[in-house]
Amino acid sequence: MRLDQFVSQSAALTRVDAQKAIRCGWVEVDGMRVTKTSTHIEPTTAVVTLDDAPLTLPGDIYVMLHKPAGVVSAREDPEHPTVLDLIDHPHRKTLHVVGRLDKDTTGLLLLTNDGDWSHRISAPKHHVPKTYLATLAWELSEAGAQALRAGVQLNGEKGLTKPAEVEILPDNQARITISEGKYHQVKRMLAAVGNRVEALHRERIGGLVLDAELPPGEWRELTVGEKDGIQPKNR
Ligand code: URA
């Protein structure tokens, strides 16, 4: 691996800043100052320091965030705060969002730097179920619930939505589980049966439930069991 690549990834610097640090003589490899940015190092065995502080590559990171309303599910946004602004992890800049939520939707959001894992969870062919608690403008009728269970026609889409699990709850709420991820899907499904979503909260993705101890805006890393249990590898 190139030294500038190693320094950039392990110190969360841009490649240009990593190259500057190396040229300035702030980086040592196995106790020797190295100023050539393209120097090849063995990342698993070389001892690399920046300003005498040892550097290590980030490894795979899996984060659960309790997304609050008002932040966008993106890495950068010119106008609004983003979910990445809430993650004060040293390697936060390596993370991407796994399955976005709308700006006003709250609840379970996953971020990772492991592209294979995020693909297994978000690729449509894997059908990972996602459960939402929807607060509606009106009580959901049994006929409306049945239509959602059977599949509804969304504006601009070819076929019907895949069968959803629907539970009618008190106080104009409903719990809805879908295994697709079309744009604004839950809001559009409820609109298709003549209702309107006033608030939406994601409770669960596959086998993973939002940690009840995590207040809105807070995050934590997943345990190995949570990370492996969310979606079996062979699905
Ligand atoms: N469906 C929606 O309509 N919005 C979300 O944020 C997630 C699912």
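The values are calculated or read from the model by the stated rules, or taken from the named source; none is laboratory data. Remember, predicted model here, so these are calculated numbers, not experimental data. Counting neighbours? That spans all protein chains shown, and the Cβs are built from the backbone with ideal geometry, glycine included.
At a glance:
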| quantity | calculated |
| --- | --- |
| In the stretch 117-134, the residues that are under 16 Å from Leu101 (Cα atoms), outside any helix (DSSP H, G or I) and touching a residue at least 12 places away in the same chain (Cβ under 8 Å) | Val128, Pro129, Lys130, Thr131, Tyr132, Leu133, Ala134 |
| Some residue of the stretch 136-157 being touching a His at 6+ places or on another chain (Cβ under 7 Å), at pLDDT 95 or above, under 30 Å from Glu218 (Cβ atoms) and surrounded by 13 or more Cβ atoms within 10 Å (Cβ to Cβ) | no |
| Search result, residues across the stretch 146-160 that are in contact (Cβ under 8 Å) with a residue 40 or more places away in the chain and not β-branched (Val, Ile, Thr) | Ala147, Leu148 |
| Matching entry among Asp102, Asp114 (being farther than 22 Å from Val71 by Cα and within 14 Å of the chain's Cα centre (by Cα)) | Asp114 |
| Index of the failed condition, Leu200 passing every other in (1) away from the ligand (no atom under 15 Å from the Cβ); (2) over 21 Å from Ala123 (Cα atoms); (3) among the aliphatic types (A, V, I, L, M) | (1) |
| Selection status of Gly181, more than 16 Å from the ligand (Cβ to nearest atom) and under 20 Å from Ala69 (Cβ atoms) | no |
| Residue in the stretch 143-150 that is of a type in the set (D, E, K, R) and either out of contact with any strand residue (DSSP E or B) (no Cβ under 8 Å at 6 or more places or on another chain) or more than 30 Å from Val7 (Cβ to Cβ) (or both) present | yes |
| Candidate set from the stretch 187-235 (those that are of a type in the set (S, T, N, Q) and under 17 Å from the mean Cα position of the chain (by Cα)); member that is surrounded by the most Cβ atoms within 10 Å (Cβ to Cβ) | Gln231 |
| Qualifying positions in the stretch 98-116 - crowded, with 19+ Cβ neighbours inside 10 Å and either at pLDDT 95 or above or acidic (Asp, Glu) (or both) | Val98, Leu101, Thr105, Thr106, Gly107, Leu108, Leu109, Leu110, Leu111, Thr112 |
| Per-region count, the stretch 3-16, residues within 12 Å of Leu50 (Cα to Cα), assigned to a helix (DSSP H, G or I) and free of Cβ contacts under 8 Å to residues at least 24 places away in the same chain | 1 |
| Residue that is nearest to Leu95 (Cα to Cα) [pool: residues in the stretch 1-57 that are exposed (fewer than 13 other Cβ atoms within 10 Å of the Cβ) and basic (Lys, Arg)] | Lys36 |
| Test result for Glu28, of a type outside the set (A, V, I, L, M, F, W, C) and not assigned by TED's automatic domain parsing to the domain that holds Glu218 | yes |
| Residue in the stretch 150-161 that is touching a Pro at 6+ places or on another chain (Cβ under 7 Å) and away from the ligand (no atom under 15 Å from the Cβ) present | yes |
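So that you can scan it fast, the table gives a plain yes or no per residue for (1) assigned to a strand (DSSP E or B); (2) in contact with a helix residue (DSSP H, G or I) (Cβ under 8 Å, 6 or more places away or on another chain):
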| site | (1), (2) |
| --- | --- |
| Arg175 | yes, no |
| Gly181 | no, yes |
| Leu200 | yes, yes |
| Glu203 | yes, no |
| Asp211 | no, no |
